[in-house]
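Just below is one structure, and these are the notes that go with it.
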Amino acid sequence: MEALTIKTPADVLSFVGHTLGFWPKESLVCITLDKKNIVGATLRVDLPKTDGGLFTYAQTVAGYITNDANASTVLFAVYTSKPLESGAEKPHARTVAALTGALAQQGISIRDGLLVGDDACLPYDGNYLSSPSIPLAATQSSEINAEFVYRGSQIEPRGITLPASTKETLTTDAVLDRMEEIRGLPSPEALDQARSLWASMLHGKTYPTDEETVSLIANFQFAAIRDRLMADIPGIDEPMVQVLLAQTQGKPQWSRVEWAQQLLIHAYTHSSTQHSAALLTAVGYINWWEGRGSKAHQFLQLALEADPAYRLARLSDQMVAHGMLAPWSADRDKAFGPRGLEAS
């Protein structure tokens, strides 16, 4: 992928929106840069609601950032609806100060910052009475936004918006019947059939038939089959555990990964609530591989809404919440698209 350059605040905001997949609200967003100003990880966390515990908050955020071993400097943006008041300190100034100190302890400096309101943004360290504000509408005409849109990306205003599942009653019985058929097969045969079907879908260019979709939904209900199918997504012939944990020598085939995500969401639209947790968990996991922690968290939360006891969703969400980055996303040669960006 051709490298792109972040030149303006509008570029920064466009990059954040497309990387996360949604427009943050009451959030602190940090973008790591290495010594060559190549963009690394993007982190979004909720802003603290009070000034109590800021030291712990800042240390936690700094810990997340240092998961990117190449991080040298950080760009940050404070997204808040809190108004600027004449004579008062900037919103969340103490949070930013605490984070600056916590990062300094790790040898990481703040390169620049933005204060993003509901309609405009301005430099965080500037004099808000004299610094010109930048309308958020400027993001629509930024070069970064145009490139991401060209590549098929879009920013959801309020986080993930899933297509409606309209098959609540139509496919439930069919999936249950197919699950019974799978249980009646020897385990190796059931796994081989599932992998063969999934491989044909991943190599295809059109969505599967309804019958194939029912089989895919059913296959994902079995943990051993689910894990193997998830490991087949990146197209890397290495041990399953290493693929699932993004600890491979090979580079993921990201176009294949993105197509797998579309297939899983398509299957979700054909699934009943009782069968959707596995599919949403797999989509969340894909977003973790791509370095989209906030988006992964949202999908995993949707999986837990469908089935609060779904163990893989809960464990994966805990992994994301602790700031664990997929090793692929921290490796410039293996990371998903946004790693090709530079900051000028």
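Values in this text are rule-based calculations from the coordinates and carry no lab data. Just so we're clear, the structure is a prediction, and the values are computed from it rather than from any experiment. Neighbour counts run over all protein chains shown; Cβ positions are idealised from the backbone, glycine included.
For this structure, a couple of remarks:
- Pairwise FRET efficiency - ALA88 versus VAL149, Cβ, R0 = 41 Å, nearest 0.05: 0.65
- Ranked packing of 38-51, 215-228, 132-145, most packed first, by mean Cβ within 10 Å: 215-228, 38-51, 132-145
- Summing Cβ point charges (Lys, Arg +1; Asp, Glu -1) relative to the Cα centre of segment 1-82 gives a dipole of roughly 100 debye.
- Residues CYS121, CYS30 arranged by fewest to most Cβ contacts within 10 Å: CYS121, CYS30
- Packing around the peptides 60-69, 276-285, taken as the average count of other Cβ atoms within 10 Å per residue, puts them in this order, highest first: 276-285, 60-69.
- Cα-projected label distance for SER133 with LYS36, points at 7 Å along beta-carbon direction, nm: 3.9
- Taking other C-beta atoms within 10 Å as the exposure proxy, HIS275, HIS322, HIS266, HIS18 rank HIS322, HIS266, HIS18, HIS275 from fewest upward.
- Unit charges on C-beta of K, R, D, E only; dipole of the chain, Debye: 660
- Cα-based equivalent ellipsoid of segment 172-340: semi-axis lengths in Å, sorted from largest, via gyration tensor: 25, 18, 14
- Here segment 172-340 is treated with +1 on each Lys and Arg Cβ and -1 on each Asp and Glu Cβ, and its dipole about the Cα centre works out to around 680 debye.
- Acute angle (nearest 10 degrees) that the helix 311-321 long axis makes with the longest principal axis of the chain, alpha-carbon atoms: 20
- Given LYS7/LYS251; LYS36/LYS295; LYS36/LYS82; LYS35/LYS90; LYS36/LYS251; LYS49/LYS295, the pairs whose alpha carbons are separated by over 24 Å: LYS7/LYS251; LYS36/LYS295; LYS36/LYS82; LYS35/LYS90
- Between ASP118 and THR273, the modelled labels are 3.3 nm apart [label points 7 Å from Cα along Cα→Cβ].
- Positive-end residue of LEU103, ASN70, GLY52, charge dipole of segment 4-159 with Cβ unit charges: ASN70
- Rule-of-thumb Rg ratio for the chain [Cα; 2.2 N^0.38 Å; N residues]: 1.06
- Positive-end ranking of TRP259, PHE222, HIS92 along the dipole of the chain, with charges on Cβ about the Cα centre, is headed by HIS92.
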